Amino acid sequence: MEKFGKSQPVRRVEDTRFLTGHGRYVDDISPAGSLHAFFLRSPVAHAKIKKLDVGDARVSDGVHCVLTQSDLVAAGLDATLAGTRVKNRDGSTGAGPTRPILADKRVRYVGEPVAVVVAETLDQARDAAEQIVFDFEDLPTHVDLARGGEALHREAPDNCAFDWGLGDEAATQAAFDAAAHVVKLDVGDNRVIVNSLEPRGSYAEWQEGRVHVAINGQGVWGPKSDIARIFDISEDLVRVTNPDTGGGFGMKGMAYNEPFVVAEAARRVGRPVRWMAERTEAMLSDNAGRDLISVAEMAFDASLKATAYRVKTVCNMGAYNSQFAQAIQTQLFSKVLMGVYDVQTTWLQVDGVYTNSTPVDAYRGAGRPEAIYVLERLMDRAAREFGVDPLDLRRKNFIPAEKFPYQSATGETYDVGDFHQVLDRVEAFADLSGFDARKVASLARGKLRGLGLCYYIESILGDPSETARVEFNDDGTASIFVGTQSNGQGHETVYAQFLSDQTGIPAHLISVVQGDSDKIAKGGGTGGSRSVTTQNTATLATVEKIISKFSVFLAEKMDVDSEAILFDDEQFRADGSNLTPNMMEVADMARADGRADLLVHEATTTLTARSFPNGAHVAEVEVDPETGKVTLDRYNVVDDFGNLINPMLAEGQVHGGVAQGVGQALMEHVVFDENGQLLTATFMDYAMPRADDLPRICFTDEPVPSTANVMGMKGCGEAGTVGAMAAAANAVQDALWERGVRQADMPFTPLRVWEMMKDASEAAA
């Protein structure tokens, strides 16, 4: 039987469809009679709305409707977006200002949607939007990452969104007071824009009182619940689909304004309505990432063993609470606060502030990269100040393998790990013994060379529950219905490969069905590197059901007890019977016998614990001291992802994640002026990494299988980014250290690096 070998590097089957132009994205949904939506957005960061007159727009050529927030409210909609709130240090709850779907009485960031125009063509909708009279009174802007300034919301005096803490502040202070050495570092983590290849979009239509909304997100069940709430209808009347999606990165994993407005517009006009963001529109309205500053400190005893760790962070929430931001910047940050180090005395304090900017939310492993970036920059700084080898300092402070399972200072229980083993592997894999020779060669060319290490750990789970359904089709194929959502990770390949491994069904006969709330009742979507671990756990449970039910069915045909029947991943067998059918043959038998109940099998599982992928990234850079240009010359990664289903796709995930992390470290940077205007709203002003900015990214794995799931997997989607930021930044710091630079913050653009060296030279003089 044609069959994948287990855990083999298999090429992505979906790429043929994508590369030959046969993908189906939101913008491809364009039935006859569909209309186009265009959103009027605020041109200013903070203002009172004095007048919003849409009368002329409503009678413009081709226009079918124009909607404002007052129209949504008048229609009976709960026209608000939800946002998470966390507990403050005093036990109160963080600020929870109302976030309207369309601006109401005020605008609070450039790009906030104010009205929508729906017309026969996009050009007509855009032209009509110019007829809207939008008069406003400017208000002071608050763009500083600090409390104070003009309050954006009366619920948040001093623009404080929340004030959260975790750990033992008094014990941590006592440990610092008793320390032999203390290292302190200010760490900036600059704001970045996702810029997914496919911008956000949506499509909506109503038929017989039921709404269908298509999005290009990371799951359909959250939006389904939101639509039911906003329109006050039963979830049975809501269908959400998610076709092919060109990149998600967490940014597309939360609720946005536009799909709900498009749905109401479609209800009003009685025709399908579609919307796609343009690139600058996306830059103005997509939830951004990062944007926080931290003061990190670590206390050490005389032997350089860390005894306490303290971080105080201020993070930018933007103008509103987005769906997950408060939780991302606190709980997820804290889950990997201590990384891989054996330190039990910690204090983490996080303050969130509102500013007149795009809301901030989770993506690129948000919460985890921030925590690891701060910690690994500090460990690198400690090694420099102590004059010790960065690898040796980490080895001294690693959680020993014999201490697992290990409960971290923040309450996480790491099930397994062997950090010494992984670090030893990367030392050889990255040829660190040859670094000194490479540094001499760089100096001979007039370049400074730096080496940067990051040892990261992630906390993987998200929603612990997932559902899988397997159907045997009349045409001799099988379908697996999944509750996660691919945004480019290769799920169609991985899920088919895994089901093939477990059942013997040829992978080319298996289709993966995702992103349709009518076809599978519940799912957790994709985010937090949860997909493969949670989804394949559910698949395993479904396969067990299939085997059990098929065995009972075959017992009579094989003339044996069902308990005597074994399945060997390809065929059913039993002593005393010559009948050895495979899965598809049993399905055919069941179909011939009219047993439709044996052709559909479903299971839902819930993981009880997290898994903790970890690994070591080593970056080497060259810096041109004349121009400040940083060149990433070598990059090596050794990851512990536990057991892998498809090593090729895991490596691809790492490559993409490294590119994202390095992009932030070397070039990506969001800039607002003092009036809250986004100055980096096009690719002329916002740099993205290109092929010639990256070297060959070398990857290998050193697996220590997880005990948190039966497959021993750990998840890998965000790992590249989590390690790349600190590895690249530490490499630049290493290169600049001998030039007297002691504070080096991302992004390391040529001008900034040149100014760092200039300032250090002048200070020395």
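Could you give me the radius of gyration and the Dmax of segment 367-455, taking only the C-alpha atoms into account and expressing both in angstrom?
Computed over the Cα atoms of segment 367-455, radius of gyration and Dmax are 15.8, 50 Å.
Show me 376-389, 132-145 ranked by packing, highest mean number of other Cβ atoms within 10 Å first. Spell out each step's value before the answer.
Working: 376-389: 19.5, 132-145: 16.6.
Descending packing order for the listed peptides: 376-389, 132-145.
Quick query: amide H of Ala161 versus all other amide H atoms, modeled in the peptide plane; which residues come in under 5 Å with a sequence gap of 5 or more or a different chain?
Gly352, Val353, Tyr354
If I require 18 Å or longer along the helix axis, counting alpha carbons, and a Kyte-Doolittle average no lower than 0.0, what helices from the chain are left? Use full DSSP H segments.
Working: long enough: 368-386 (27 Å, -0.45); 531-558 (39 Å, 0.38); 647-666 (28 Å, 0.33); 719-737 (27 Å, 0.82); 750-764 (21 Å, -0.33).
Helices meeting the criterion: 531-558, 647-666, 719-737.
On a C-alpha basis, how far is the centre of segment 655-729 from the centre of segment 202-266 in Å? Whole number, if you could?
Each part's Cα centre sits 29 Å from the other's.
Could you give the dipole magnitude of the chain about its Cα centre, charging the beta-carbon of Lys and Arg +1 and that of Asp and Glu -1, in debye to the nearest 20?
Values: 74 positive and 110 negative charges, 187 e Å.
Once rounded to the nearest 20, the dipole reads 900 debye.
Rounded to the nearest 20 Debye, what is the dipole magnitude of segment 128-245 about its Cα centre when Lys and Arg each give +1 and Asp and Glu each give -1 at the C-beta?
Working: 9 positive and 22 negative charges, 82 e Å.
With Lys and Arg at +1 and Asp and Glu at -1, about 400 debye.
About its Cα centre, how strong a charge dipole does segment 27-95 have in debye, to the nearest 20, once Lys and Arg get +1 and Asp and Glu get -1 at the Cβ?
Details: 8 positive and 8 negative charges, 117 e Å.
Taking the Cα centre of segment 27-95 as origin, the dipole is about 560 debye.
Need the list of aspartates and glutamates near Lys439 for cross-linking: C-alpha distance under 14 angstrom, and skip anything on the same chain fewer than eight residues off.
List returned: Asp431, Glu620, Glu622, Asp624, Asp633, Asp734, Glu738.
Residue by residue, what Karplus-based ³J(HN,Hα) values in Hz, rounded to whole numbers, does segment 50-55 have, using 6.51, -1.76 and 1.60 with θ = phi - 60° and x for Gly and Pro?
Couplings: 8, 8, 9, 10, 9, x Hz.
Quick one: if you stick a label point 7 Å off each Cα along the C-beta vector at Glu570 and Asn473, how many nm between them?
Placing both labels 7 Å beyond Cα along the Cβ direction yields 2.5 nm.
Taking amide H positions as placed in the peptide plane 1.01 Å from N, state which residues far from Arg99 in sequence (5 or more) or on other chains have amide H under 5 Å from it.
For Arg99, the qualifying residues are Leu81.
Which value, in nm² and rounded to one decimal, describes the direction-averaged projected area of the C-alpha convex hull of segment 282-353? Write down the numbers at each step before the final one.
On the way: hull surface 22.7 nm².
Convex hull of Cα atoms, orientation-averaged projection: 5.7 nm².
Each label point is 7 Å from the Cα along the Cα-to-Cβ direction; what then is the distance between the points at Ser225 and Glu755, in nm?
Placing both labels 7 Å beyond Cα along the Cβ direction yields 4.5 nm.
Classify segment 146-198: rounded, prolate or oblate, from the alpha-carbon gyration tensor (a ≥ b ≥ c, eigenvalue square roots; a/c under 1.5 rounded; otherwise prolate if a/b is larger than b/c)?
Values: a/c = 2.83, a/b = 1.50, b/c = 1.89.
Verdict is oblate for segment 146-198.
Which entries in the list Lys335/Lys519; Lys87/Lys403; Lys335/Lys714; Lys629/Lys758; Lys519/Lys545; Lys224/Lys519 go over 23 Å, if you measure between the two C-alpha atoms of each?
On the way: Lys335/Lys519 34 Å; Lys87/Lys403 32 Å; Lys335/Lys714 15 Å; Lys629/Lys758 14 Å; Lys519/Lys545 20 Å; Lys224/Lys519 13 Å.
Checking Cα-Cα distances, Lys335/Lys519; Lys87/Lys403 exceed 23 Å.
Among the aspartates and glutamates, which fall within straight-line cross-link reach of Lys522, defined as a Cα-Cα distance under 15 Å, with same-chain neighbours fewer than 8 residues apart omitted?
Hits, sequence-local ones excluded: Asp226, Glu235, Asp236, Asp463, Glu466, Glu602.
Rolling a 1.4 angstrom probe over the protein heavy atoms, how many square angstrom per residue are accessible across the chain?
Details: 28480 Å² over 765 residues.
About 37 Å² of surface per residue is accessible.
I need the phi-derived Karplus couplings for segment 109-114: 6.51 cos²θ - 1.76 cosθ + 1.60, θ = phi - 60°, integer Hz, Gly and Pro marked x.
Per-residue couplings from phi come out as 7, 5, x, 5, x, 10 Hz.
How do 59-72, 712-725, 581-594 rank on mean C-beta neighbours within 10 Å, highest first? Mind dumping the intermediate values first?
Working: 59-72: 19.4, 712-725: 28.9, 581-594: 16.6.
Put in order of decreasing packing, that is 712-725, 59-72, 581-594.
Counting only residues 5 or more places away or on other chains, whose amide H sits under 5 Å from the amide H of Asp516 once H atoms are built in the peptide plane?
The answer is Asn242.
What distance in nm lies between label points placed 7 Å from Cα along the C-beta direction at Thr98 and Asn643?
5.3 nm
Taking θ = phi - 60°, what integer Hz values does the Karplus form 6.51 cos²θ - 1.76 cosθ + 1.60 yield along segment 155-164, in sequence order, with x for Gly and Pro?
Residue by residue, segment 155-164 yields 6, 10, x, 6, 6, 8, 7, 6, 9, 10 Hz.
Where a Cα-Cα gap under 16 Å defines reach, which lysines qualify for Lys48, not counting those fewer than 8 residues away within the same chain?
Partners found: Lys105.
Quick one: with all protein chains in place, what share of the accessible area of the chain is carbon or sulfur, to the nearest percent (1.4 Å probe)?
Working: 13980 of 28480 Å².
It is 49 percent, rounded to a whole number.
Looking at segment 428-587 only, what percent of DSSP beta bridges run antiparallel? Nearest 5 please. Kindly include the intermediate steps, with their values, before the conclusion.
Details: 8 of 12 bridges.
Counting DSSP beta bridges with both partners in segment 428-587, the antiparallel share is about 65 percent.
The values are calculated or read from the model by the stated rules, or taken from the named source; none is laboratory data. Nothing here was measured: the structure is a model prediction, and the numbers come from that model. In this analysis, Cβ positions are derived from the backbone assuming ideal geometry, glycine residues included, and neighbour counts consider all displayed protein chains. We work out accessible area using only protein heavy atoms, side chains counted, and drop any ligands, DNA or RNA first. Shrake-Rupley method; radii C 1.70, N 1.55, O 1.52, S 1.80 Å.
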